[in-house]
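Novice: Structure incoming, see below.
The values are calculated or read from the model by the stated rules, or taken from the named source; none is laboratory data. As the structure is a prediction and not an experimental result, all values here were calculated from the model. No Cβ is skipped: glycine too gets one built from the backbone with ideal geometry, and neighbour counts run over all protein chains shown. Note: accessible area is taken over every heavy atom of the protein model, side chains too, but ligands, DNA and RNA are not part of it. Shrake-Rupley method; radii C 1.70, N 1.55, O 1.52, S 1.80 Å.
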Amino acid sequence: MKLRVAPADTPLKGAYVPPGDKSISHRLAILGGLARSRTRVTGFLDSADTRATLNAMGALGARIEDRDDEIVIDPGPLKAPEGPLDLGNSGTGMRLLCGALAGRGELFGSTLELIGDHSLSSRPMARIIKPLTGMGAMIESDQGHAPLKLSPRTLTGIRYQLPVASAQVKSAILLAGLAAEGNTVVIEPGPSRDHTERLLPAFGAGLHDGQPGIGVSGGQVLHGGDFHVPGDLSAAAFVIAAGLLVPGSEIRIDNVGLNPTRDGVIRILQAMGGRLEIALGEDLGGEPVGGLDVRDSELVGIDVPMEWVPLSIDEFPVIMALSAVAADRTRIQGAAELRVKESDRLAVMCGQLARLGVELEESADGALIHGGRIRGGQVDSGGDHRIAMSLAVLGLVADSPVIIDNAEWIRTSYPGFVDDMRALGAEMEWV
Ligand code: S3P
């Protein structure tokens, strides 16, 4: 499907509440499905990715009730699913589930198969297969790619140093460690999102200081509880970007997750001159949550500090879009991980920005983007939800309409994006 975005001729104004956090929703689906007592979740993200994880837990025997305003997950007993577990487009779903299930084979008694769509089947899985195999897991893959076939094995704890900061890999190992014998410790080269570490104690699973690293001891039983998912800063990032770009805009964002391991985008946009005011509220479900006031801003390009890259890894498509209109130039380095996301985000974003007349140079681990005018025209999402939304935001300040091909991928993380943007005054329509 094509999304047509018209250049904005009026400011974006109003109050906005982002949809539930995707990372936290995936984790609650998995932990809730493994828990021995009822889990209730409000604010769960209703998207194709999170549904895929929830459905996988259902296929494994968790009883899931989807009520209007909450998801209720009751314990199994867990059983062998009737067919492969299809994680669709979701790297988080596949990697975390693989870790969580690698040592629970006795519950299923047979080989489990995890499959995904074309994009997911081309993303690297060796990064989880290696540590999980080191713990004793038996995982067959297609040369390090999905489909993944897990055979029942007993796992033993491991001490593992992550080669790159990755919350998915860290979480896969910690979840495997829960079902392993002995202690498991993960050491990160730098901070990555810590939602798993925040949630595990809430499910009654203790973590310890791995000196260094994060440790979890095996054989712990999970207990459900009541949870609320805060709004997703990664979804709000598109609205923030639109508010910064469109002259005269003023947007109040409420109930957005402000976890310091996710807030790189705020730091980067403020460093670029973005007028963003944070009002930190009380923690909700163990996560910092608050409000953000966004006003139109004169953005100026920067050298993005490399230590902020893992803290804003999903926001680079939209940061690249903003860099294309900021004064001066923006240099992104140390971001090679962007090449193994839902698409090769460096290549796809650079290619599409160039089609809109942006001057840039792509490098192995980043890009140098010169700000300037955006001409309208036809671009393609490359099958990547975040690229579709980033290009849509840029269309608001283009010289003429921008039409985004394959924009339906937006549904994987943010089905309400177009409606939310329209409610703030943007002109976007499916054509
Ligand atoms: C996620 C971690 C990040 C991020 C992804 C969600 C998570 O991936 O890009 O969208 O929920 O743990 P990596 O761990 O591969 O960096």
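Novice: Report yes if some residue within the stretch 378-386 is more than 15 Å from the ligand (Cβ to nearest atom), of a type in the set (Ser, Thr, Tyr) and under 25 Å from Gly425 (Cβ atoms); otherwise report no.
Specialist: There is at least one residue in the stretch 378-386 that is more than 15 Å from the ligand (Cβ to nearest atom), of a type in the set (Ser, Thr, Tyr) and under 25 Å from Gly425 (Cβ atoms).
Every residue, every condition in (1) more than 16 Å from the ligand (Cβ to nearest atom); (2) of a type in the set (A, V, I, L, M); (3) assigned to a loop (DSSP other than H, G, I, E, B), yes or no:
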{"residue": "Gln220", "(1), (2), (3)": "yes, no, yes"}
{"residue": "Phe227", "(1), (2), (3)": "no, no, no"}
{"residue": "Pro247", "(1), (2), (3)": "yes, no, yes"}
{"residue": "Ile253", "(1), (2), (3)": "yes, yes, no"}
{"residue": "Val256", "(1), (2), (3)": "yes, yes, no"}
{"residue": "Asn259", "(1), (2), (3)": "no, no, yes"}
{"residue": "Leu269", "(1), (2), (3)": "yes, yes, no"}
{"residue": "Glu277", "(1), (2), (3)": "yes, no, no"}
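Novice: I'd like the full set of residues that are more than 10 Å from the ligand (Cβ to nearest atom) and open to solvent by 30 Å² or more (accessible area, probe 1.4 Å), limited to the stretch 161-178.
Specialist: If the condition is that a residue be more than 10 Å from the ligand (Cβ to nearest atom) and open to solvent by 30 Å² or more (accessible area, probe 1.4 Å), then Gln161, Pro163 are the ones that fit.
Novice: Filter the stretch 85-116 for residues that are assigned to a helix (DSSP H, G or I) and within 16 Å of the ligand (Cβ to nearest atom) and give the result.
Specialist: Gly91, Thr92, Gly93, Met94, Arg95, Leu96, Leu97, Cys98, Gly99, Ala100
Novice: List the residue pairs whose Cβ atoms are under 7 Å apart, where the first residue sits in the stretch 364-386 and is open to solvent by 10 Å² or more (accessible area, probe 1.4 Å), the second is of a type in the set (Lys, Arg), and the two are 6 or more positions apart or on different chains.
Specialist: Leu368/Arg329; Leu368/Arg331; His370/Arg329; Gly371/Arg329; Gly377/Arg355
Novice: Restricting the search to the stretch 117-160, which residues are within 16 Å of the ligand (Cβ to nearest atom), assigned to a loop (DSSP other than H, G, I, E, B) and of a type in the set (A, V, I, L, M)?
Specialist: Met125, Ala146
Yes/no per residue for (1) under 28 Å from Asp405 (Cα atoms); (2) assigned by TED's automatic domain parsing to the domain that holds Ser122; (3) open to solvent by less than 10 Å² (accessible area, probe 1.4 Å); (4) β-branched (Val, Ile, Thr):
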residue	(1), (2), (3), (4)
Glu250	no, no, no, no
Asp254	no, no, no, no
Ala279	no, no, no, no
Glu282	no, no, no, no
Gly285	no, no, no, no
Gly291	no, no, yes, no
Phe316	yes, no, yes, no
Gln333	no, no, no, no
Gly357	yes, no, no, no
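Novice: Could you pull out the residue among Glu106, Glu140, Glu70 that is among the acidic types (Asp, Glu), in the same structural domain as His26 (by TED's automatic domain parsing), within 23 Å of Arg198 (Cβ to Cβ) and open to solvent by 10 Å² or more (accessible area, probe 1.4 Å)?
Specialist: Exactly one of Glu106, Glu140, Glu70 is among the acidic types (Asp, Glu), in the same structural domain as His26 (by TED's automatic domain parsing), within 23 Å of Arg198 (Cβ to Cβ) and open to solvent by 10 Å² or more (accessible area, probe 1.4 Å), namely Glu70.
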